[in-house]
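Engineer: Would you mind keeping the following structure in view while I ask a few things?
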Amino acid sequence: MTLDPQVEAHLKRLAGTGFADLHKLPPDQVRAGMRRMSNALGKPESVAQVEDRAIQTVTGDCRIRVYRPAPSQVRPIIVFFHGGGFVLGDLDTHDGLARALANATGSVVVSVNYPLAPENKYPAARNAAYAATKWIADHAAEIGGDASRLAVAGDSAGGNLAAVVALMARDAGAPKIAFQLLIYPDLDFRRSNTSIREFAGKWGNISRETQDWFMNHYLNKDEEKLDPLVSPLLAPSLAGLPRTFIITAEYDALRDEGEDYGRRLQGAGVDVVVRRYDGMIHEFLRWPFDGSRQALRDAADTLATALGS
């Protein structure tokens, strides 16, 4: 297929913004640019109740934002981790996506403000994400959620953290995670598959230099790229993981690793659906495309089947 016309118009608007040259800038400047771009999305969806909280976990204090589309009801919980290459993003940059996910699924969505690199290198984000998920499971009743219907979700780097938290929870035996929603997830730091080679620097995808910029900020040394809790695609076994829905995009450099992960999950006996959205690009769910709304509906339907929401 060709690019979706809405995506093509979006990329034309982004042309000349310096997006391809992020690796030449300091993190704070890129973070400010991402916040400005997020503000350009306009007014987000209304959710019945939204609350910011500070929680104390075994890894330290953490800010979360709780979205309750049906405050009078006990609903499933989705723990959401934002994207941004482990260097960018916060509760505000992904507020629109978290709201849309809450409304589409009817679940309590808890967005986690995990620590960013390079100030907090690996495994800080991983450990904070897992600790926050445990806190949310232990305090589900406080936020109107049902801990027996707990899901993890995330986009891009957040999809990595969701997958990693699911692996950690499986191995630790807690918390019990019933579902994972991986949105164009970042799962293989080797950066060697076909979609990475073909799409880097094109169609809104970051360049190879910028990929290295993100990875070098996150990791302490190259050897960590082969750690299964950095690259979940390299985990020795994916057996025993929860039911999974993976969203990929036709023109996304991360497309192949998401789809490869789906095949490995299927081979390990996990109930998994992998859906590629034709004409779409990386980060498409954050933008008001028709394909984005369809992907949210599909994710909501799959989650409802898995969790009874």
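Engineer: Any chance the stretch 26-42 includes a residue that's among the charged types (D, E, K, R), outside any strand (DSSP E or B) and within 20 Å of residue 207 (Cα to Cα)?
Structural biologist: yes
Engineer: Could you go through the stretch 201-213 and let me know if any residue there is within 19 Å of the chain's Cα centre (by Cα), β-branched (Val, Ile, Thr) and open to solvent by 20 Å² or more (accessible area, probe 1.4 Å).
Structural biologist: yes
Engineer: If you don't mind, there's one more thing I want to ask. Filter the stretch 95-127 down to the residues that are in contact with a Leu (Cβ under 9 Å, 6 or more places away or on another chain) and hydrophobic (A, V, I, L, M, F, W, C) and list them by number.
Structural biologist: Passing the criteria: 97, 98, 100, 101, 104, 109, 112, 116, 117, 124, 125.
Engineer: Looking at the stretch 250-261, is at least one residue within 21 Å of residue 116 (Cα to Cα), in contact with a His (Cβ under 7 Å, 6 or more places away or on another chain) and assigned to a loop (DSSP other than H, G, I, E, B)?
Structural biologist: yes
Engineer: So which residues in the stretch 214-254 are of a type in the set (Phe, Trp, Tyr) and open to solvent by 10 Å² or more (accessible area, probe 1.4 Å), if there are any at all?
Structural biologist: 214, 251
One line per residue, one yes/no per condition, for (1) over 17 Å from residue 98 (Cα atoms); (2) modelled with pLDDT of 95 or more:
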{"residue": "36", "(1), (2)": "yes, no"}
{"residue": "42", "(1), (2)": "no, no"}
{"residue": "56", "(1), (2)": "yes, yes"}
{"residue": "61", "(1), (2)": "yes, yes"}
{"residue": "65", "(1), (2)": "no, yes"}
{"residue": "70", "(1), (2)": "no, yes"}
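Engineer: Find all pairs meeting these conditions: Cβ atoms under 9 angstrom apart; at least six residues apart or on different chains; first residue within the stretch 219-236 and over 16 Å from residue 170 (Cβ atoms) and at pLDDT 95 or above; second residue of a type in the set (Ser, Thr, Tyr) and not in a loop (DSSP other than H, G, I, E, B).
Structural biologist: Final answer for the pair search is 224/218; 230/218.
Engineer: Now for a separate question. Contact list please: Cβ distance under 7 Å, first residue in the stretch 54-73 and under 21 Å from residue 131 (Cα atoms) and small (Gly, Ala, Ser), second residue at pLDDT 95 or above and open to solvent by 20 Å² or more (accessible area, probe 1.4 Å), pairs at least six apart or on different chains.
Structural biologist: Going by the 7 Å Cβ cut-off, the qualifying pairs are 54/61; 54/63.
Engineer: Looking at the structure I just gave you, is residue 299 part of a helix (DSSP H, G or I), small (Gly, Ala, Ser), within 18 Å of residue 158 (Cα to Cα) and out of contact with any Lys or Arg (no Cβ under 7 Å at 6 or more places or on another chain)?
Structural biologist: yes
Engineer: Can you name the number of the only condition in (1) surrounded by fewer than 16 Cβ atoms within 10 Å (Cβ to Cβ); (2) within 30 Å of residue 211 (Cβ to Cβ) that residue 43 fails?
Structural biologist: (2)
Engineer: Need pairs with beta-carbon distance below 9 Å; first residue free of Cβ contacts under 8 Å to residues at least 12 places away in the same chain and surrounded by fewer than 18 Cβ atoms within 10 Å (Cβ to Cβ) and within the stretch 133-144, second part of a helix (DSSP H, G or I) and not charged (D, E, K, R); sequence gap 6+ or separate chains.
Structural biologist: none
Engineer: All but one of (1) farther than 20 Å from residue 111 by Cβ; (2) in a loop (DSSP other than H, G, I, E, B); (3) at pLDDT below 95 hold for residue 13, so report the exception by its number.
Structural biologist: The one condition residue 13 does not meet is (2).
Engineer: Give me the residue from the stretch 110-131 that is open to solvent by 10 Å² or more (accessible area, probe 1.4 Å) and among the hydroxyl-bearing types (Ser, Thr, Tyr) and, out of that set, farthest from the chain's Cα centre (by Cα).
Structural biologist: Here the residue is 122.
Engineer: Can you tell me which condition residue 22 does not meet? The list is (1) modelled with pLDDT under 95; (2) hydrophobic (A, V, I, L, M, F, W, C); (3) part of a loop (DSSP other than H, G, I, E, B); (4) surrounded by 20 or more Cβ atoms within 10 Å (Cβ to Cβ), and all the others hold.
Structural biologist: Result: residue 22 fails condition (3) only.
Engineer: Mind listing just one residue for me: the one in the stretch 178-194 that is surrounded by fewer than 22 Cβ atoms within 10 Å (Cβ to Cβ) and in contact (Cβ under 8 Å) with a residue 40 or more places away in the chain and, of those, nearest to residue 251 (Cα to Cα)?
Structural biologist: Quick first cut of the stretch 178-194, residues surrounded by fewer than 22 Cβ atoms within 10 Å (Cβ to Cβ) only: 178, 190-194.
Still in the running and in contact (Cβ under 8 Å) with a residue 40 or more places away in the chain: 178, 190, 193-194.
On the way: 178: 30, 190: 19, 193: 14, 194: 12 Å.
Across the stretch 178-194, the extreme among qualifying residues is 194.
Engineer: Moving on. Looking only at residues in the stretch 132-170 that are over 21 Å from the mean Cα position of the chain (by Cα) and among the acidic types (Asp, Glu), which one is farthest from residue 252 (Cα to Cα)?
Structural biologist: 142
Engineer: With respect to the numbered conditions (1) within 21 Å of residue 153 (Cβ to Cβ); (2) more than 16 Å from the chain's Cα centre (by Cα), which one is the sole condition not fulfilled by residue 223?
Structural biologist: In the conditions (1) within 21 Å of residue 153 (Cβ to Cβ); (2) more than 16 Å from the chain's Cα centre (by Cα), residue 223 misses (1) alone.
Results for (1) under 24 Å from residue 68 (Cα atoms); (2) modelled with pLDDT of 95 or more, shown as yes or no for each residue.
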position: 141; (1), (2): yes, yes
position: 145; (1), (2): yes, yes
position: 150; (1), (2): yes, yes
position: 171; (1), (2): no, yes
position: 202; (1), (2): no, no
position: 206; (1), (2): no, no
position: 214; (1), (2): no, yes
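The values are calculated or read from the model by the stated rules, or taken from the named source; none is laboratory data. A quick note: this is a predicted structure, and the numbers were derived from the prediction, not measured. Backbone-built Cβ (ideal geometry, glycine too); neighbour counts: all protein chains shown. Calculation scope for accessible area: heavy atoms of the full protein, side chains included, ligands and nucleic acids excluded. Shrake-Rupley method; radii C 1.70, N 1.55, O 1.52, S 1.80 Å.
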